[in-house]
């Protein structure tokens, strides 16, 4: 009944690692759809738009009450999914929500900036400058999300049991590390 939280940097291949781990351990992979589910349940679709809009292009500014309701709903959904087990939760502050909970493995996937830029360039077919800008915007948005909703720093090692630098691993190797750790922790 493993429960794994996975935080990742844009361009780190963290989504590929998450998919590989979920397939190997036969886990439900829950990510961005959690935003929409929480926003629907909270009755706050503008929060979903604001959270999806990492670049801030839409200019959506939900009310404080809508954000608080959204956060409470995200936390509730994360806790329910974790209680059911057999799940890999990607992002949404799940490492903070489930901090200290027995049997949960918290993972962070990172990579050097140059590697991340190269990955985004290839996947999105954009220039180096565009890839770097996209990464910077994503990093800001992710840091802001965790700080705004949970008062936490994304890069604080206390939230993670395992940090994998993808400069040193292929996706399959990183997935194998996580699966081994999950077998011992979960």
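Considering only region 96-110, how many residues are more than 13 Å from the chain's Cα centre (by Cα) and closer than 16 Å to residue 143 by Cα?
So the answer is 0.
Does residue 43 meet the test of being more than 20 Å from residue 138 (Cα to Cα), out of contact with any helix residue (DSSP H, G or I) (no Cβ under 6 Å at 6 or more places or on another chain) and modelled with pLDDT under 65?
So residue 43 passes the test.
Can you tell me which residue within region 148-181, out of those that are over 22 Å from residue 11 (Cα atoms) and out of contact with any helix residue (DSSP H, G or I) (no Cβ under 9 Å at 6 or more places or on another chain), is surrounded by the most Cβ atoms within 10 Å (Cβ to Cβ)?
The qualifying residue surrounded by the most Cβ atoms within 10 Å (Cβ to Cβ) is 181.
Output the residue which, of all residues in region 140-160 that are closer than 19 Å to residue 70 by Cβ, in a loop (DSSP other than H, G, I, E, B) and at pLDDT below 90, is nearest to the chain's Cα centre (by Cα).
Ranking the candidates gives 154 first.
Give the residue, chosen from 184, 79, that is at pLDDT below 90, surrounded by fewer than 19 Cβ atoms within 10 Å (Cβ to Cβ), out of contact with any strand residue (DSSP E or B) (no Cβ under 6 Å at 6 or more places or on another chain) and under 22 Å from residue 21 (Cβ atoms).
184
Being at pLDDT 55 or above, surrounded by 11 or more Cβ atoms within 10 Å (Cβ to Cβ) and assigned to a helix (DSSP H, G or I) is the filter here; which residues of region 49-76 pass it?
Scanning region 49-76 gives 51, 66, 67, 68, 69, 70, 71, 72, 73, 74, 75, 76.
Checking residue 121 against (1) in a loop (DSSP other than H, G, I, E, B); (2) at pLDDT 70 or above; (3) touching a helix residue (DSSP H, G or I) at 6+ places or on another chain (Cβ under 9 Å), which test does it fail?
Against the list (1) in a loop (DSSP other than H, G, I, E, B); (2) at pLDDT 70 or above; (3) touching a helix residue (DSSP H, G or I) at 6+ places or on another chain (Cβ under 9 Å), residue 121 comes up short only on (1).
In region 1-34, how many are in a helix (DSSP H, G or I) and free of Cβ contacts under 8 Å to residues at least 60 places away in the same chain? Reasoning before the result, please.
Initially, region 1-34 is screened for residues in a helix (DSSP H, G or I), giving 14-25, 33-34.
From what's left, free of Cβ contacts under 8 Å to residues at least 60 places away in the same chain: 19, 23, 33-34.
Total satisfying the criteria: 4.
How do the pairs read when you match residues in region 96-114 that are outside any strand (DSSP E or B) with residues anywhere that are at pLDDT 95 or above and surrounded by fewer than 16 Cβ atoms within 10 Å (Cβ to Cβ), using Cβ under 8 Å and keeping only pairs 6 or more apart or on different chains?
Note: pairs meeting the criteria are 111/165; 111/167; 112/165; 112/167.
The values are calculated or read from the model by the stated rules, or taken from the named source; none is laboratory data. Here the structure is a predicted model, which means the values were calculated and not measured. Cβ: placed from backbone, ideal geometry, glycine included. Neighbour counts: every protein chain shown.
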